[in-house]
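The values are calculated or read from the model by the stated rules, or taken from the named source; none is laboratory data. Predicted model only: the values in this text are computed from it and were never measured. Ideal geometry is used to build each Cβ from the backbone, glycine not excepted, and the neighbour counts take in all protein chains shown.
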Amino acid sequence: MALLKFQSIEYLNSLKMFFSIFLFATFAIRSDITIAQTPKELSSLNDLKSLTIEELMNIEVTSVSKTSEKLTEVASAIQVITQQDIRRSAATSVAEALRLSPNLQVTQLNAKHWIISSRGFNSAFANKLLVMIDGRTVYSPLFAGVYWDAQSVMLEDVDRIEVISGPGGALWGANAVNGVINIITKSAKDTQGLFVSESVGSALEGSLEARYGGNIGSKISYRVYAQHNDRNHTFLDGGGDNTDRWRLSQGGFLMDYNPSDANALTFQGNFYKGNDRIKQNPSSIDGQNVMGKWTHTISDKSDLVVQAYVDRTWRIDIPSTFTDELLTYDIDFQHRFPLGERHHILWGTGYRLMNDKTQHSTDMIAFLPENRNMRLFSSFVQDEIIIYPDRFKLTIGTKLEHNSFSGFELQPSARLTLTPFKQNVLWAAVSRAVRAPSRIDVDYNLPAYPVPPSSPSVAGGPNFTSEKVIAYELGYRVQPFPALSLSLATFYNQYDDLYSVEALPGTLTYQIQNGAKGYSAGTELSGNYLMATNWRLRGGYTLFYKKLRNKPSNMNDPFTLESLGSDAKNQFLLQSILDLPGSFQLDMVTRYISSLPATQFSSNVSSYFTLDTRIAWQFQKKLELSLVGQNLLEKRHIEVGSVQIPRSIYGKITLRY
């Protein structure tokens, strides 16, 4: 694989372009501050003023404790990507929007596939991150990871994305080992009227989105939507075209019914279909899901929530050789109530049935048995203990699960929160979390038919147990003055029973086992800064270190440690959101990723910078025209493997009425 290189002339031209934009932005800011100070003129710059730093810090989040709490009070390393952050970026998909979180590792593999992880283990089969869309789990039990090509959400309808780095197993359960992502869409009443958007460009060849929201009487609100995306190919290492052009269409609905002040019902559904845009043997996907949710409010400190969904996904991969159909039934119940003056109890229970059917048309690989029913029983309890009102609290809890592969799993957690002064939160936590076995750990077979021990083969491990982590965290969140908020989180994770592939004695059969262990450590820094009434900066820096080793009993596994993740030691993000006079907007996102070490599947990947820029003009908040450039600093760059991600430009027209 060719190493990533900077062409000197192109690089200098890119730097000139970057600093020209920066100087123009700075001039515009200074001009705005010194000239455009009349109330009438400043009132037109209300996009940023409507979301101050204090309002950002007081955003209500739910993914940490499953109940609503202010960001300033959260005892966890959490980042919130707001609707404004997304709209004012170059993002065209959920995966691209997640690049806006400085505590995630987001890597583009090709036109449709992405690798996303938190706190390391970033690989094509990343499997230690729980991802939800409106509370619906979207990871696959086939490999305990996420097929990002199938996760399409209309970004205009996203209210916020909550990203937790660190274990969430005490409440969310298996797979919430290194982090939790919860994508939360707006309510139907907040998406009223007509929205239409069309984009045309190079990488995003074409995109059309439409949504309409309305009311039925005074108690029912609804929205319906449809979207279609055509994405262009990436490039091979030698410069040729990659055969990965991708098309995805999706539609759906949401209905909110509020029969009384104490009761709220939500019913929503989505359907999608996608395929490679090639003539012969294309990969393709399709899926449907419906979900209902009932919330009953007993008091301001007590409520009941019942949620149920059915989700079907189907895909054919490794062009026309392997199919997988997954049908999931899930029901979840939770109850929150106070116990005396110092205890706030949250408990719940749930059941999930996953019916997974696979088929193989060649002898390359197979999952045997081809069909499996997997059941997951779970319950949890959490007690928030007020030790000193408004100053000191202890939160303890545990999740108890039973899965079809490893049986019972216990995932306890304890968190201390100290608020010495207003807008200052110091927290510490220790947690145990597990990554439950998936089908690729137990049922995988290469080749797809029995072979004698003298022939090379790879087989799943029938005794494979859960991967485990004990995580220690220490964090501090502060708003030192009204225009600035900062968050610092440090962590140390001890892993055991990690995935390995070991040769069975006296054979050429390699079996999947739990033969590795190790640790990781790091620091995550993030912040928001309101430079002026019309200019906000947000971003962060992550330092990460990981050390893995084989257990003494595992002496025959030279490659698996490398395959457990290729992780950058340093990464940096800075997003600039700027309102200019005349209803213009200038937004930029720059990222730095340090070099990735070589693995058996990939050569070393050099460090790289990227720059996205968006220029937009609004007319009475109904019409918006924008021009967006992505990856502007280089013609092409490599993020993993040998696929080259190109520079791209697209134009967008949006109507909101």
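Summary table below
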item: Selection within the range 480-534 - more than 30 Å from T82 (Cα to Cα), crowded, with 19+ Cβ neighbours inside 10 Å and acidic (D, E); result: D497, E502
item: Subset tally (residues that are in contact with a Gly (Cβ under 7 Å, 6 or more places away or on another chain) and under 29 Å from E473 (Cβ atoms)) for the range 433-451; result: 3
item: Subset tally (residues that are hydroxyl-bearing (S, T, Y), closer than 19 Å to A150 by Cα and surrounded by fewer than 16 Cβ atoms within 10 Å (Cβ to Cβ)) for the range 260-295; result: 0
item: Output for the range 154-199, where each listed residue is modelled with pLDDT under 95 and farther than 30 Å from G522 by Cα; result: none
item: Matching entry among D383, D390 (being closer than 23 Å to A75 by Cβ and in a loop (DSSP other than H, G, I, E, B)); result: D390
item: Residue list for the range 607-648, restricted to those being under 24 Å from the mean Cα position of the chain (by Cα) and surrounded by fewer than 16 Cβ atoms within 10 Å (Cβ to Cβ); result: S607
item: Some residue of the range 483-502 being over 25 Å from W427 (Cα atoms) and not in a strand (DSSP E or B); result: no
item: Residues being of a type outside the set (D, E, K, R) and part of a helix (DSSP H, G or I) - total across the range 413-451; result: 2
item: All positions within the range 427-479 that are among the aromatic types (F, W, Y), at pLDDT 95 or above and buried (at least 17 other Cβ atoms within 10 Å of the Cβ); result: W427, F464
item: Considering residues of the range 565-580 that are among the aliphatic types (A, V, I, L, M) and farther than 20 Å from F544 by Cβ only, the residue surrounded by the fewest Cβ atoms within 10 Å (Cβ to Cβ); result: L580
item: Selected residue (only one of G274, G340, G269, G350 is small (G, A, S) and within 25 Å of V643 (Cβ to Cβ)); result: G274
item: Search result, residues across the range 67-81 that are assigned to a strand (DSSP E or B) and of a type in the set (D, E, K, R); result: E69, K70
item: Test result for S379, modelled with pLDDT under 95 and closer than 30 Å to I512 by Cα; result: no
item: Meets criteria (of a type in the set (S, T, Y) and under 30 Å from D363 (Cβ atoms)) for S454; result: yes
item: 1 or more residues under 25 Å from Q359 (Cβ atoms) and in contact (Cβ under 8 Å) with a residue 12 or more places away in the chain: qualifying strands (runs of 3 or more DSSP E) within the range 212-321; result: 246-260, 263-276, 284-299, 302-317
item: Verdict on I345 being farther than 18 Å from I440 by Cβ, exposed (fewer than 15 other Cβ atoms within 10 Å of the Cβ) and aliphatic (A, V, I, L, M); result: no
item: Filtered residue count, the range 330-375, keeping only those that are under 30 Å from P456 (Cβ atoms) and aliphatic (A, V, I, L, M); result: 5
item: Residue match in the range 136-144 (condition: at pLDDT 95 or above, among the aliphatic types (A, V, I, L, M) and either under 20 Å from L525 (Cα atoms) or buried (at least 23 other Cβ atoms within 10 Å of the Cβ) (or both)); result: no
item: Every residue from the range 391-404 that is crowded, with 21+ Cβ neighbours inside 10 Å and either farther than 30 Å from L486 by Cβ or within 26 Å of the chain's Cα centre (by Cα) (or both); result: T395, G397, K399, E401, N403
item: Candidate set from the range 461-482 (those that are of a type outside the set (S, T, N, Q) and touching a Lys or Arg at 6+ places or on another chain (Cβ under 9 Å)); member that is nearest to P420 (Cα to Cα); result: E473
